[in-house]
Amino acid sequence: MDGIALFSGRSNKPLAEAMAKHLGMELGNLEIKNFSDKEIWVKFHDNIRGKIVIIVQSTQAPADNLVELLIAIDAAKRASARAVFVVIPYFGYARQDRKDEPRVAISAKLMANLITVSGADRVITMDLHCSQIQGFFDIPLDHLYASRVLLPYWQEKNIPNLVVVAPDVGSIKMARFWSKKLNAGLAMMDKRRTGHNESEVVNIIGEVAGKNALVVDDMIDTAGTFVAAINTLKNNKAEKIYGSCIHPVCSGEAYNRLYRAPLEELVVTDTIPFVTTPDKFKTVSVAGLLATAAMNAATNQSISSLFDKEEMRR
Ligand code: R5P
């Protein structure tokens, strides 16, 4: 593609490769190395002067993924790229999006500032932890929804007698949208946070007994929220239980906890690398969606055709 070059950081190279394949392009030559003390060094080996440079990098932990992105943006700017578009399939540090107690940071805003100050001209991201984070950026941001690829998977599966379950109040809007699209019922867990990465379900709102359930959430971190929802559904006599989430952060023991849980199937996206299994864990790729969005942005074509406006309001 003339005047447009696509590069990848190291946080999710398989996704960037799949995006390149979708666009019929090669990934550009961006060398990234660590010094002995682990500081990061990057160099564009291609001439990017006057080009629109698209850099793909999710910013899940470690924070090096974010630093690597910032340094790559800076290098692209200093190499006279015409514009730098960053594709951030998973935007980390998004959960601290307001002061919910005294003397804490709003890390989502800080990350937005760092990306902007580094020289990014546009951000393309997906299922932000809360939509208002879009406004933390003073540069254009395109917000995509993975439901575009996940919903068809579940629609095709056509599970009878289905109820879509929000494992906490934060995911109720997503669950409501999914229940409508899947012609399913809706239920919600009343989850209370008991500490950092700790929570318990105190109540379940909606009919689940005798129904097949699909638990949906934007992300799974420790899997505490997800597994608590699954166990509560079992205790309340749900039949088969399925799960779906956009960003499989899966820290610590999450993967094993999910594998051991009474879950028929868990379907996530590839915004963060995730190991699939033949029996239980599956991924649906968002590469095509992100690639099309990045290319449309670079060629001044519409992006709104890539998401459901109803979901935008959710
Ligand atoms: C909460 O607001 C999110 O939507 C997820 O439910 C939460 O971040 C998942 O965290 P964990 O897997 O550690 O319970």
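Suppose we filter region 143-171 for residues that are within 16 Å of the ligand (Cβ to nearest atom), among the β-branched types (V, I, T) and modelled with pLDDT of 95 or more; how many remain?
Selection size over region 143-171: 2.
List pairs: first residue in region 121-136 and modelled with pLDDT of 95 or more, second residue part of a helix (DSSP H, G or I) and of a type in the set (V, I, T) anywhere in the structure, Cβ distance under 8 angstrom, at least six positions apart or on different chains.
Pairs that qualify, where the first residue is modelled with pLDDT of 95 or more and the partner is part of a helix (DSSP H, G or I) and of a type in the set (V, I, T), are V123/I115.
Checking E68 against (1) under 25 Å from H247 (Cα atoms); (2) assigned to a strand (DSSP E or B); (3) among the acidic types (D, E): exactly one of these is not met. Which one?
(2)
For region 214-267, which residues satisfy the criterion of being assigned to a helix (DSSP H, G or I) and β-branched (V, I, T)? Step through it out loud before you land on a result.
Narrowing region 214-267 to residues assigned to a helix (DSSP H, G or I): 224-235, 254-260.
Of everything in region 214-267, those that are assigned to a helix (DSSP H, G or I) and β-branched (V, I, T) turn out to be T225, V227, I230, T232.
L141 - would you say it is open to solvent by 60 Å² or more (accessible area, probe 1.4 Å) and assigned by TED's automatic domain parsing to the domain that holds I55? Talk me through it step by step, then tell me what you get.
Details: open to solvent by 60 Å² or more (accessible area, probe 1.4 Å): no; assigned by TED's automatic domain parsing to the domain that holds I55: yes.
Spelling it out, it is not the case that L141 is open to solvent by 60 Å² or more (accessible area, probe 1.4 Å) and assigned by TED's automatic domain parsing to the domain that holds I55.
Being more than 16 Å from the ligand (Cβ to nearest atom), without any contact (Cβ under 8 Å) to a residue 60 or more places away in the chain and surrounded by fewer than 21 Cβ atoms within 10 Å (Cβ to Cβ), is that true of even one residue in region 214-233?
If we filter region 214-233 for residues that are more than 16 Å from the ligand (Cβ to nearest atom), which is where we start, we get none.
No, there is no match, as no residue in region 214-233 is more than 16 Å from the ligand (Cβ to nearest atom), without any contact (Cβ under 8 Å) to a residue 60 or more places away in the chain and surrounded by fewer than 21 Cβ atoms within 10 Å (Cβ to Cβ).
From (1) open to solvent by 10 Å² or more (accessible area, probe 1.4 Å); (2) not in a loop (DSSP other than H, G, I, E, B), pick out the condition that doesn't hold for R49.
Checking R49 against (1) open to solvent by 10 Å² or more (accessible area, probe 1.4 Å); (2) not in a loop (DSSP other than H, G, I, E, B), the one that fails is (2).
With respect to the numbered conditions (1) part of a loop (DSSP other than H, G, I, E, B); (2) open to solvent by less than 20 Å² (accessible area, probe 1.4 Å); (3) under 25 Å from S251 (Cβ atoms), which one is the sole condition not fulfilled by A81?
Here A81 meets the rest and fails (3).
Say we look at region 235-256 and pick out the residues that are over 19 Å from D279 (Cβ atoms) and more than 10 Å from the ligand (Cβ to nearest atom); which of these is least open to solvent (accessible area, probe 1.4 Å)?
Looking only at region 235-256, we keep the residues that are over 19 Å from D279 (Cβ atoms), and these are 235-238, 246-247, 249, 251-253.
Then drop every residue that is not more than 10 Å from the ligand (Cβ to nearest atom), which leaves 235-238, 253.
Values: N235: 119, N236: 58, K237: 139, A238: 10, E253: 104 Å².
Applying the filter and picking the extreme gives A238.
Could you please find all residues in region 276-309 being in a loop (DSSP other than H, G, I, E, B), in contact with a Ser or Thr (Cβ under 9 Å, 6 or more places away or on another chain) and within 21 Å of R257 (Cα to Cα)?
T276
Restricting attention to region 261-277, and to residues there that are of a type outside the set (V, I, T) and in contact with a helix residue (DSSP H, G or I) (Cβ under 8 Å, 6 or more places away or on another chain), which single residue is most open to solvent (accessible area, probe 1.4 Å)?
Just the residues of region 261-277 that are of a type outside the set (V, I, T), to begin with: 261-266, 270, 273-274.
Now restrict to residues that are in contact with a helix residue (DSSP H, G or I) (Cβ under 8 Å, 6 or more places away or on another chain): 261-263, 266, 270, 273.
Details: A261: 9, P262: 55, L263: 11, L266: 0, D270: 32, P273: 72 Å².
Within region 261-277, the match that is most open to solvent (accessible area, probe 1.4 Å) is P273.
Would you check if I133 is under 16 Å from the mean Cα position of the chain (by Cα), open to solvent by less than 10 Å² (accessible area, probe 1.4 Å) and not acidic (D, E)?
Taking the combined requirement at face value, the residue satisfies it.
Of (1) part of a helix (DSSP H, G or I); (2) touching a strand residue (DSSP E or B) at 6+ places or on another chain (Cβ under 6 Å); (3) surrounded by 16 or more Cβ atoms within 10 Å (Cβ to Cβ), Y153 satisfies all except one. Which?
(3)
Could you tell me how many of the residues in region 90-108 are out of contact with any helix residue (DSSP H, G or I) (no Cβ under 6 Å at 6 or more places or on another chain) and either small (G, A, S) or buried (at least 22 other Cβ atoms within 10 Å of the Cβ) (or both)? It would help to see each step written out before you state the result.
In the first step, residues of region 90-108 are kept if they are out of contact with any helix residue (DSSP H, G or I) (no Cβ under 6 Å at 6 or more places or on another chain); the result is 90-92, 95, 98-107.
From what is left, the residues that are either small (G, A, S) or buried (at least 22 other Cβ atoms within 10 Å of the Cβ) (or both) are 90-92, 105, 107.
Matching residues across region 90-108 total 5.
Looking only at residues that are open to solvent by 20 Å² or more (accessible area, probe 1.4 Å) and in contact (Cβ under 8 Å) with a residue 24 or more places away in the chain in region 163-179, which one is farthest from T225 (Cα to Cα)? Don't jump to the end; show me each part of the working.
Taking region 163-179 and keeping what is open to solvent by 20 Å² or more (accessible area, probe 1.4 Å), we get 168-170, 172-173, 176.
Within this subset, residues satisfying the condition of being in contact (Cβ under 8 Å) with a residue 24 or more places away in the chain are 168, 170, 173, 176.
On the way: D168: 8, G170: 11, K173: 16, R176: 18 Å.
Only one residue fits best here, namely R176.
So which residues in region 190-211 are modelled with pLDDT of 95 or more and either surrounded by 19 or more Cβ atoms within 10 Å (Cβ to Cβ) or within 15 Å of the ligand (Cβ to nearest atom) (or both)?
V208, K211
What is the number of the single condition among (1) touching a strand residue (DSSP E or B) at 6+ places or on another chain (Cβ under 9 Å); (2) away from the ligand (no atom under 12 Å from the Cβ); (3) on the phi < 0 side of the Ramachandran plot that T277 does not meet?
Failed condition: (1).
The values are calculated or read from the model by the stated rules, or taken from the named source; none is laboratory data. Just so we're clear, the structure is a prediction, and the values are computed from it rather than from any experiment. All Cβ positions, even for glycine, are placed from backbone atoms using ideal geometry, and neighbour counts span all protein chains on display. Surface areas here come from the heavy atoms of the whole protein model, side chains and all, with no ligands, DNA or RNA. Shrake-Rupley method; radii C 1.70, N 1.55, O 1.52, S 1.80 Å.
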